[in-house]
Amino acid sequence: MKQDMIVILDLGSTENTKLARAIRDIGVYSEIYPHDITPEELKALPNVKGVILNGGENRVVDGVEIDVNPDLYELGLPMLAADHHKAKCENIVTWPESEEELREAVEPFVFDTCKAEANWNMKNFVEDQVELIRQQVGDKKVLLALSGGVDSSVVAALLIKAIGKQLVCVHVNHGLMRKGESESVVEVFKNQMDANLIYVDASERFLGKLEGVADPEQKRKIIGAEFIRVFEEEARKLEGIDFLAQGTIYPDIVESGTKTAKVVKSHHNVGGLPEDLQFSLVEPLYYLFKDEVRACGVELGLPHDMVYRQPFPGPGLGVRCLGAITRERLEAVRESDAILREEFAKAGLDKKVWQYFTIVPDFKSVGVKDNARCFEYPVIIRAVNTIDAMTASVEQVEWPVLLKITDRILKEVKNVNRVCYDMSPKPCATIEWE
Ligand code: XMP
């Protein structure tokens, strides 16, 4: 391993992630572990230069104040306590308010006391991971469900670099992808990166299963279950696969609360695959935050659009074609979404707005086209900003941009005679309509 590491021990703080971020931001790698890590486990971690005991409001568990194993103090590692408790080490007495103050507060400990080197960067990360993946996988084969989302794309690129054709990617096109999305997965991974990619066009199958289903939750369930079924069928056709790669990232793990940050990765069954299809996991992004995943993608040479794409729900356009999905409305969602994306990019809004898309409801309104009455669908535009998707505010898009988009949708998209802009923040509305 190339990077020095500062270990954060979770003593009931809700700010572990913030602290790890601050340390990584000053260029030193950092991981979070539970308070009850043993001296042996700590010693087994590579390149540990120092330890921060991160106490906080959840320090008392079932009436007892949790503490670290006292033998940790005997390891001779520099230690810092990030709350004013009676540890035998340096203290940060008050928790800094801003991210900048936090970085300044940990800097002397990290660099002066621990003598850590600021060598955390994506080039080193990629080199380390390539080596680790090769060690873990040997000459065996690895399977990956490649959706084209940021995480699975970066995992694919990393594994292709490490083991080339030993990686088998399966891309399932469920027919609810955005315009050009499946094509771009094939272009980037098969044509440019020469990956072993199995492309499954399951559009008809998904649309068949979804026929007449109007309830949003039911639609989600069908899409999720069918996805696993298609992936399972492909996996069964392949021989000699021992590993399953996954785009698990650090927030998925550390957000699960105190005392639960996992120390040892276990082999578990994933994504609802049946018992007899158990694989060992390869999770090379396990310790990365989202922005680091993107930086890793850039380092690996993935296209900017793929690495910086906006969030896209698993059920895809299926939850934006409201009610029971029909081909003509799905087409209207896909085409209007493509126009919206194109015009947002031209106006520079693609870099500013967190998520933007179109929705086509399952009712019609009256209009006039070519001097005749028409009865067609509306398209609703949604563009929102948010930090964590729990709340969201509406982007105040300039009128000329909205008018241009409206004009294009009305001219270019079939079966549509009206365009609306959704002005609702979350709450009361959610970001998606279903
Ligand atoms: P809501 O509509 O709940 O959306 O305000 C919050 C964020 O979650 C995304 N979303 C989903 N993502 N599967 C996903 O992978 C889903 O079923 C799903 N539903 C909503 C949504 O796009 C937004 O970013």
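The values are calculated or read from the model by the stated rules, or taken from the named source; none is laboratory data. Just so it is clear, the model here is predicted, and its values are computed rather than measured. Glycine also receives a Cβ, built like all others from the backbone with ideal geometry; neighbour counts cover every protein chain displayed. For the accessible areas, the whole protein counts, side chains as well, though only heavy atoms, and no ligand, DNA or RNA atoms are used. Shrake-Rupley method; radii C 1.70, N 1.55, O 1.52, S 1.80 Å.
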Fill in the blank from the handout: Within the range 351-375, residues surrounded by fewer than 17 Cβ atoms within 10 Å (Cβ to Cβ) and in a strand (DSSP E or B) come out as 365, 366, 367, 368, 369, 372, 373, 374, 375
Problem - Which numbered condition residue 205 fails, given (1) under 23 Å from residue 133 (Cα atoms); (2) open to solvent by 50 Å² or more (accessible area, probe 1.4 Å) - result: (1)
Problem - Subset of the range 391-434 (residues that are within 23 Å of residue 375 (Cβ to Cβ) and within 14 Å of the ligand (Cβ to nearest atom)) - result: 422, 433
Exercise for the section: Among the residues of the range 189-236, write down those that are in a helix (DSSP H, G or I) and either touching a Phe, Trp or Tyr at 6+ places or on another chain (Cβ under 6 Å) or acidic (Asp, Glu) (or both). Expected result: 204, 217, 226, 232, 233, 234
Fill in the blank from the handout: Checked the range 275-326 for anything within 23 Å of residue 229 (Cα to Cα), away from the ligand (no atom under 16 Å from the Cβ) and open to solvent by 50 Å² or more (accessible area, probe 1.4 Å); matches are 275, 276, 278, 326
Practice task
Please work out if residue 54 is modelled with pLDDT of 90 or more and buried (at least 19 other Cβ atoms within 10 Å of the Cβ).
Solution key: yes
Fill in the blank from the handout: Taking the range 392-434 and keeping residues outside any loop (DSSP other than H, G, I, E, B) and of a type in the set (A, V, I, L, M) leaves 392, 394, 401, 402, 403, 405, 409, 410, 416, 419
